[in-house]
Amino acid sequence: MRYFVEIGSRTFQVDLGPDGTRIDGEPVEVDMAHVEGTDVRHLLVGGRSHRLVAKRDSDGSWNLHMRGTRLRAVAVDERTRAIREMTGAGAGPAGPRPVKAPMPGLVVKVEVSVGDRIEPGQGVVIVEAMKMENELRAEGAAIVTAVHVEVGDTVDKGDILIDLGPLDEPEGAEAE
């Protein structure tokens with residue numbers, strides 16, 4: 001079975017078959033076990049073990065947390081991808097996605113200001129939830145167009161914390 005997995009601005013072709021797993025054509029030794037009743041998975045890649053927390057969103061994407069890094073992944077099979085390409089479905093809006101709260105929590109640090117240029121993976125805000133600080137990061141290069149939170153604000157899951165715009169936006173452009 002062939003899947004296409006989009007993480008940030010990259011898309012990986014993942015082939016799962018009787019001869020093993022291939023990512024972008026390269027063989028990879030991989031195994032994953034789910035811890036029953038939790039979102040925790042144990043991922044074995046090339047003989048190295050990793051603890052991964054994977055939660056599926058209502059839109060079908062996955063929120064992944066591994067070693068303090070948060071990523072969003074979208075995985076579709078070959079048939080679904082072909083249908084979406086033919087119909088234009090699932091294209092969604094172009095440009096950077098806003099940074100949303102992955103869970104309820106307390107804003108303990110805002111690391112960016114309106115007009116800042118940010119790089120993929122750069123931290124933009126830190127939210128404390130369940131006595132753990134979670135640094136939320138940008139998925140791609142962008143310009144901060146709005147900051148909706150301040151230190152001390154409480155947020156709910158799904159709240160938009162930071163709005164991001166494309167880098168080619170003229171200097172001084174204001175978000176609506």
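The values are calculated or read from the model by the stated rules, or taken from the named source; none is laboratory data. Only a predicted model underlies this, so the values are computations on that prediction, with no experimental measurement involved. Cβ coordinates were reconstructed from backbone atoms using ideal geometry, including for glycine residues, and neighbour counts include every protein chain displayed. SASA here: full protein model, heavy atoms, side chains in, ligands and nucleic acids out. Shrake-Rupley method; radii C 1.70, N 1.55, O 1.52, S 1.80 Å.
Summary table
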read-out	value
Scope the stretch 1-16; condition surrounded by 13 or more Cβ atoms within 10 Å (Cβ to Cβ) and basic (Lys, Arg); matching residues	2
Residue match in the stretch 126-143 (condition: open to solvent by 70 Å² or more (accessible area, probe 1.4 Å), part of a loop (DSSP other than H, G, I, E, B) and on the phi < 0 side of the Ramachandran plot)	no
Test: residue in the stretch 73-94 that is closer than 23 Å to residue 156 by Cβ, open to solvent by 50 Å² or more (accessible area, probe 1.4 Å) and β-branched (Val, Ile, Thr)	no
Qualifying residues in the stretch 1-56 (those that are in contact with a Leu (Cβ under 9 Å, 6 or more places away or on another chain) and among the β-branched types (Val, Ile, Thr)) - the one modelled with the lowest pLDDT	7
From the options 107, 53, 112, residue that is on the phi < 0 side of the Ramachandran plot, free of Cβ contacts under 8 Å to residues at least 60 places away in the same chain, open to solvent by less than 50 Å² (accessible area, probe 1.4 Å) and in a loop (DSSP other than H, G, I, E, B)	112
Residue 10 touching a residue at least 60 places away in the same chain (Cβ under 8 Å) and more than 24 Å from residue 132 (Cα to Cα)	no
Qualifying residues in the stretch 156-166 (those that are farther than 9 Å from residue 96 by Cα and out of contact with any His (no Cβ under 9 Å at 6 or more places or on another chain)) - the one most open to solvent (accessible area, probe 1.4 Å)	157
Some residue of the stretch 87-97 being within 19 Å of residue 127 (Cα to Cα) and at pLDDT below 85	yes
Enumeration of residues in the stretch 17-43 that are in a strand (DSSP E or B), touching a residue at least 12 places away in the same chain (Cβ under 8 Å) and open to solvent by 80 Å² or more (accessible area, probe 1.4 Å)	31, 32
Those residues of the stretch 58-72 which are among the charged types (D, E, K, R) and open to solvent by less than 50 Å² (accessible area, probe 1.4 Å), in sequence order	70, 72
Neighbours by Cβ (under 6 Å, 6+ apart or cross-chain): first from the stretch 141-162, of a type in the set (Ser, Thr, Tyr); second open to solvent by less than 100 Å² (accessible area, probe 1.4 Å) and part of a strand (DSSP E or B)	145/163; 145/165; 154/106
